[in-house]
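In what follows, a structure is listed as structure tokens, so that the remarks can point back to it.
The values are calculated or read from the model by the stated rules, or taken from the named source; none is laboratory data. These numbers were taken from a predicted model, which means no experiment stands behind them. Reconstructed Cβ throughout: ideal geometry from the backbone, glycine too, with neighbour counts over all protein chains shown. For accessibility, only protein heavy atoms count, side chains too; no ligands or nucleic acids. Shrake-Rupley method; radii C 1.70, N 1.55, O 1.52, S 1.80 Å.
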Amino acid sequence: MVRAPSRKLSRRRFLVDTARTASGVALFGLGVGLYARRSESRPATAIRPPGAGVEREFLGACIRCGLCVRDCPYDTLKLALPEEPVATGTPFFEARKIPCEMCEDIPCVKACPTGALDHELTDIDEARMGLAVLIDQETCLNFLGLRCDVCYRVCPLIDKAITLELRPNLRSGKHALFIPVVHSEACTGCGKCEHACVLDQAAIRVLPDRLAKGELGRHYRLGWEEKRKAGGPLVTPDVAHRYNLPAGMEYDYAGEGLRPSENAMPFPDDPLDSLNRKPGGRP
Amino acid sequence: MSPLAPGREAILAKGWWRAHKWLLLRRASQLGILVLFLIGPWFGLWIVKGNLASSLTLEVLPLTDPHVLLQSLLAGHAVASTAVLGAAIVTVFYLLVGGRVYCSWVCPLNPVTDLAAWLRRRLNIKGSARMSRRTRYWVLGLTFVLALLTGTLAWEVINPVSLFHRGLIFGLGFAWAVVLGVFLFDLFVVRQGWCGHVCPVGAFYSLLTVPSLVRVSAAQRERCDDCMDCFAVCPEPQVIRPALKGAEQGIGPVIRSSQCTNCGRCIDVCALDVFRFATRYHAATKPHIRVAQNKEVSS
């Protein structure tokens, strides 16, 4: 039996209309989706507030309400504008402009209603917003042999996150270089060092961890650490090195070099003993 | 009636103020909410912090947009309790007053699209691309699918509603271009295009309408003289007909469609006071017959 044409037409129209709407919306969605994916790549200068975690997860958790921005007492945080290269409406800061002052009560994290900023973070020293990297050793004044030290002095975790290490100044031949060294186990990525760097373009910069850190192959084992963990050598023990030294001398490899042995007189009473001594042996 | 200026008879009959009562109240509500958010950053008087995505009032009352929160959940984030509580409060509120009260009384984009609709009438722009009013539910689905697929709040990257509201409070940037785009789309491309056809935020809130108590009722529908002014100003004109013209089919006078935004503009422009706000259970003549009330016409 043939169905009434009007009903057939309406079904046809329904299907076509549905397909029309669906494909239009799908195309629109494709555009939005691709744009959203692109906005996941955040520039290295844009730093997330404390407790933000992995960028992808943060973008799924942050609802762009700006409550962290409101509770930041130093106006460090701001929300990304649509034309900025950070995902629209998400909070970030630029260390060179205004760094994080590392408030002890972490108001930005407390303000976050969704937990996009992890509420487990209660000690600001545990925050990992990024990692400071002394990125240009050619212009850093301390590398040039001057005593700038500004990054070291402003570091809220001075002598933990940034230390100064001495090296001989080979250019002058008689001075020391005071090299600022960042330690990733302490650096929070607050950006005070980058903000304070006296150069026109900062030589030390806070970078996201993914850019700043290398990573050992997972199969790597560091021999000295394994030895310490095991409490003794895990392979055939090293044989004590035997030096062929003048009588009464010993070699200290920790830095002093050749030195008189405390165990033996430097010169035996009988000079013949020295001459007749077998190599390496005691008289 | 005048096709270019619906409501003229109402002004003559009731006076300008009464013919704009609900419109003015709505503008006051929209502006008031915006001002509450703005006196913090402007004058340092912090009554409300945040924006419509999530806010904190007087340091105690959390409010969170349930649509945004749902996207976040689908993106795979275990949301903290404050936001869940805030979303629950908002959901309960709109379940009571009608979901799309958000659209007409709160949303900052509403004055923009209202302006486009007003200009459309004044300039007598008739053409409109054909688009289903159900498109918005597809787009709503899309916002969830995008969250699920990308693991991020993809829709919120371009959502003109949140873009505009956040922009007004935290700095607009180029968000004005998006708002202008919505305005021009409504003015030249599709009549009531954004709010009535595309916007997934409105679509989401329209789903919160089922038990809503506050509804517009065509209580005095027998007075209607078919001037069509209410249809001309209504942002969702398809919702009026069943209530206004359904007496013979035994349809109650209450506008039960979830797409009605409770804006009350039909009440304003009716010179004969056919409409008024009532409860959902309001019935004019035949309370025992409630059939086919939810039948809607899509244009």
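Has the range B:86-98 got any residue that is in contact with a Leu (Cβ under 8 Å, 6 or more places away or on another chain) and closer than 25 Å to A:Ala52 by Cα? Yes, the range B:86-98 contains at least one residue that is in contact with a Leu (Cβ under 8 Å, 6 or more places away or on another chain) and closer than 25 Å to A:Ala52 by Cα. Picking from residues in the range A:167-188 that are in contact (Cβ under 8 Å) with a residue 40 or more places away in the chain and of a type in the set (S, T, N, Q), the one that is surrounded by the most Cβ atoms within 10 Å (Cβ to Cβ) is A:Thr188. Determine, yes or no, whether B:Trp118 is without any contact (Cβ under 8 Å) to a residue 12 or more places away in the chain, surrounded by fewer than 16 Cβ atoms within 10 Å (Cβ to Cβ) and more than 12 Å from chain A (Cβ to nearest Cβ). Yes; evaluated as a whole, the condition is true for this residue. Report, by residue number, each residue of the range A:49-105 that is under 22 Å from A:Leu131 (Cβ atoms), part of a helix (DSSP H, G or I) and open to solvent by 30 Å² or more (accessible area, probe 1.4 Å). Matches in the range A:49-105: A:Arg56, A:Glu57. Checked against (1) under 30 Å from B:Leu85 (Cα atoms); (2) in a strand (DSSP E or B), A:Val133 meets all criteria but (1). Considered as a group, the residues in the range B:25-34 that are open to solvent by less than 70 Å² (accessible area, probe 1.4 Å) and in contact with a helix residue (DSSP H, G or I) (Cβ under 9 Å, 6 or more places away or on another chain) include one that is nearest to B:Leu172 (Cα to Cα), and that residue is B:Leu34. The residues of the range B:56-86 that are surrounded by fewer than 24 Cβ atoms within 10 Å (Cβ to Cβ), more than 7 Å from every other protein chain (Cβ to nearest Cβ) and farther than 15 Å from A:Gly60 by Cβ, listed by number, are B:Thr57, B:Leu58, B:Glu59, B:Val60, B:Leu61, B:Leu63, B:Pro66, B:Ser81, B:Val84, B:Leu85. Can you find, within the range A:256-272, the residue that is modelled with the lowest pLDDT among those that are in a loop (DSSP other than H, G, I, E, B) and open to solvent by less than 100 Å² (accessible area, probe 1.4 Å)? That would be A:Pro266.
The set of residues from the range B:125-165 being buried (at least 20 other Cβ atoms within 10 Å of the Cβ), under 21 Å from the mean Cα position of the chain (by Cα) and of a type in the set (A, V, I, L, M) comprises B:Met131, B:Val139, B:Leu140, B:Leu142, B:Val161, B:Leu163. If the condition is being within 14 Å of another protein chain (Cβ to nearest Cβ) and open to solvent by 10 Å² or more (accessible area, probe 1.4 Å), then the range A:117-142 contributes A:Asp118, A:His119, A:Glu120, A:Leu121.
Could you tell me whether the range B:126-133 includes any residue that is under 27 Å from B:Ile255 (Cα atoms), away from chain A (no Cβ under 12 Å) and in contact with a helix residue (DSSP H, G or I) (Cβ under 9 Å, 6 or more places away or on another chain)?
yes
Restricting attention to the range A:59-110 and to residues that are within 23 Å of the chain's Cα centre (by Cα) and of a type in the set (Ser, Thr, Tyr), the residue that is nearest to the other protein chains (Cβ to nearest Cβ) turns out to be A:Thr90. Among the residues of the range B:166-203, those that are under 15 Å from the mean Cα position of the chain (by Cα) and either closer than 23 Å to B:Pro41 by Cα or of a type in the set (Gly, Ala, Ser) (or both) comprise B:Gly193, B:Gly196, B:Gly202, B:Ala203. Just to verify a result, which residue in the range A:143-166, among those that are open to solvent by 80 Å² or more (accessible area, probe 1.4 Å) and assigned to a loop (DSSP other than H, G, I, E, B), is nearest to B:Ala88 (Cα to Cα)? That would be A:Lys160.
The rows are residues; the columns are (1) modelled with pLDDT of 85 or more; (2) farther than 30 Å from A:Cys148 by Cα; (3) touching a helix residue (DSSP H, G or I) at 6+ places or on another chain (Cβ under 7 Å); (4) assigned to a loop (DSSP other than H, G, I, E, B).
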| site | (1), (2), (3), (4) |
| --- | --- |
| A:Val181 | yes, no, no, no |
| A:Arg221 | yes, yes, no, yes |
| A:Ala254 | no, yes, no, yes |
| A:Ser274 | no, yes, no, no |
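So, B:Ala28, is that one among the small types (Gly, Ala, Ser) and at pLDDT 90 or above or not? Here the answer is yes, as B:Ala28 does meet what is asked. When B:Leu58 is tested against (1) more than 21 Å from the chain's Cα centre (by Cα); (2) within 30 Å of A:Arg13 (Cβ to Cβ), just one condition goes unmet, and that condition is (2). Look at A:Gly29 and say whether it is more than 10 Å from every other protein chain (Cβ to nearest Cβ) and either at pLDDT 85 or above or within 19 Å of A:Leu121 (Cα to Cα) (or both). No; evaluated as a whole, the condition is false for this residue. Taken together, the residues in the range A:183-219 that are in contact with a Cys (Cβ under 7 Å, 6 or more places away or on another chain) and assigned to a loop (DSSP other than H, G, I, E, B) amount to 5. Note on the range B:138-225: enclosed helices (runs of 4 or more DSSP H) holding 1 or more residues that are more than 14 Å from every other protein chain (Cβ to nearest Cβ) are B:175-184, B:200-206.
Identify, please: which residue in the range B:177-227 is closer than 20 Å to B:Pro108 by Cα and charged (D, E, K, R) and is, among those, most open to solvent (accessible area, probe 1.4 Å)? Selected residue: B:Arg191. Taking the range B:228-264 on its own, how many of its residues are open to solvent by less than 20 Å² (accessible area, probe 1.4 Å) and of a type in the set (Asp, Glu)? Result for the range B:228-264: 2.
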